[in-house]
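As structure tokens, the structure follows; a few thoughts come after it.
The values are calculated or read from the model by the stated rules, or taken from the named source; none is laboratory data. Everything numeric here is computed off the predicted structure, so don't read it as measured data. Methodologically, a virtual Cβ is constructed for each residue, glycine included, from the backbone with ideal geometry; neighbour enumeration extends over all protein chains shown. These accessible areas exclude ligands, DNA and RNA; they are computed on the full protein's heavy atoms, side chains included. Shrake-Rupley method; radii C 1.70, N 1.55, O 1.52, S 1.80 Å.
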Amino acid sequence: MKPNSRTTTQQRGFTITQMVVTLAIIAVVSVAGVLGIKTARAEFRLQNNARLFATYVEKARADAIRRHAATGEESSIETFEPGSTTYAITMDFGSGAVETRNFDLDSGLSFSTVAKKVTFDWRGRITEAWVFQIFSDYLQRSLPVDVSGSGDITVGEQHFPDQLIPPVEIAEVTGDVDSTPTPTPTPFPTATPPLDGSGDPEATPTPTPTATPTPAPPPNGNGTGADGNNGNGNGTPTPTPTPSVNPSPTPSPSAQCVSSISPSTLSLSQSDQANTTGSAVFTMVNGTGVRTISASVAGNGNSLVLGVSLLRIDGSGSSVITVTTKNGAGNRGVFIVNVAADPACGSTQQLTVSVSN
């Protein structure tokens with residue numbers, strides 16, 4: 001019997017479908033791994049810069065205490081406008097003299113809070129608690145560095161002691177003041193005026209009034225005038241004033257568009273539900289044409305939720321800007337909201353928003 005020439009032979013390898021599925025799984029895992037690594041690096045960069053910044057703040061405070069800094073020689077740390085990446089440290093860096101040095105945040109990081117200079121006195125204290133926010137462009141979030149009124153520094157904390165300490169009530173102290181009345185001094189005797197020969201006080205002579213001469217009126221009748229001519233009249237005639245002609249008023253240029261915002265500051269809270277949202281009115285005067293209204297947090301931050309009631313205004317009008325807080329430690333501090341019109345109507349208006357926990 002002849003063997004069957006059409007016997008099936010075994011094939012080894014992978015099909016195209018299997019290879020496509022395998023490559024797709026590898027691509028997904030690789031992308032997830034790369035994204036995870038980039039996120040981890042961005043998180044590490046944010047944490048590292050925030051802690052380095054806090055370290056310099058602590059060094060400035062320790063330097064002020066060590067030197068027992070006098071007025072005008074205090075140590076300080078200063079940040080600039082939202083979106084800036086530079087901060088300045090003023091202290092004794094070891095040379096024996098107070099100097100200022102500038103430091104920069106890493107790429108992709110910036111300060112999202114308003115410009116602020118914190119100064120430490122000889123006890124290491126500042127005038128009021130403050131929070132600096134360092135914003136990451138990649139992570140789209142901020143990390144806070146808090147400085148309390150007593151000079152304590154913390155990183156990444158949501159609740160800070162200064163806001164949790166209740167106000168101190170000072171009790172009234174009585175009985176520590178001498179209640180004995182102050183004695184009234186004895187008045188001195190009044191001097192007696194001198195007496196004349198009759199025993200009466202000498203009278204003070206009354207001054208005699210002096211008559212003031214009255215000027216004579218100008219002569220009335222015939223006579224020789226001042227210019228040598230004869231004529232009748234009452235004195236020298238008064239010249240008639242020449243009327244002056246006022247120049248034509250210069251027409252004033254057309255009024256320019258002006259914008260304003262009221263109020264210019266808001267104080268909001270993250271925990272007080274009655275105070276999580278605030279609003280301000282943006283007004284345009286002398287406007288012509290259609291303008292688009294926009295509002296944004298300075299420095300490309302996203303710590304606030306903004307709303308605009310009217311996005312387009314034809315001519316003059318108003319639009320309500322609504323500001324709502326977000327929860328989280330990275331959303332506290334003092335921020336600036338820029339409100340502007342396009343085309344421009346005057347200068348960009350700034351709304352300062354202070355958010356506490």
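Can you tell me which residue among 200, 196 is of a type in the set (Asp, Glu), open to solvent by 80 Å² or more (accessible area, probe 1.4 Å) and modelled with pLDDT under 60?
So the residue among 200, 196 that is of a type in the set (Asp, Glu), open to solvent by 80 Å² or more (accessible area, probe 1.4 Å) and modelled with pLDDT under 60 is 200.
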Inter-residue pairs, beta-carbon under 8 Å, first surrounded by fewer than 16 Cβ atoms within 10 Å (Cβ to Cβ) and in segment 49-78, second assigned to a helix (DSSP H, G or I) and charged (D, E, K, R), 6+ apart:
73/67
Quickly run through segment 92-133 and pick out the residues that are among the hydroxyl-bearing types (Ser, Thr, Tyr), open to solvent by less than 40 Å² (accessible area, probe 1.4 Å) and part of a strand (DSSP E or B).
110
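Considering each residue of segment 134-162, count those that are within 29 Å of residue 108 (Cα to Cα), in a loop (DSSP other than H, G, I, E, B) and hydroxyl-bearing (Ser, Thr, Tyr), and give that number.
So the count comes out to 2.
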Which of (1) without any contact (Cβ under 8 Å) to a residue 60 or more places away in the chain; (2) under 30 Å from residue 357 (Cβ atoms); (3) part of a strand (DSSP E or B) is the odd one out, the single condition residue 313 does not satisfy?
(2)
Cβ-Cβ distance below 7 Å, separation of 6 or more or different chains: which pairs start in segment 137-156 with a residue that is without any contact (Cβ under 8 Å) to a residue 24 or more places away in the chain and end on one that is of a type in the set (S, T, N, Q) and surrounded by fewer than 21 Cβ atoms within 10 Å (Cβ to Cβ)?
146/154
Taking segment 265-278 and keeping only residues that are open to solvent by 60 Å² or more (accessible area, probe 1.4 Å) and either within 14 Å of residue 347 (Cβ to Cβ) or in contact (Cβ under 8 Å) with a residue 24 or more places away in the chain (or both), one is left with 265, 267, 271, 277
Select, from 334, 320, the only residue that is loosely packed, with under 15 Cβ neighbours inside 10 Å, outside any helix (DSSP H, G or I) and in contact (Cβ under 8 Å) with a residue 24 or more places away in the chain.
320
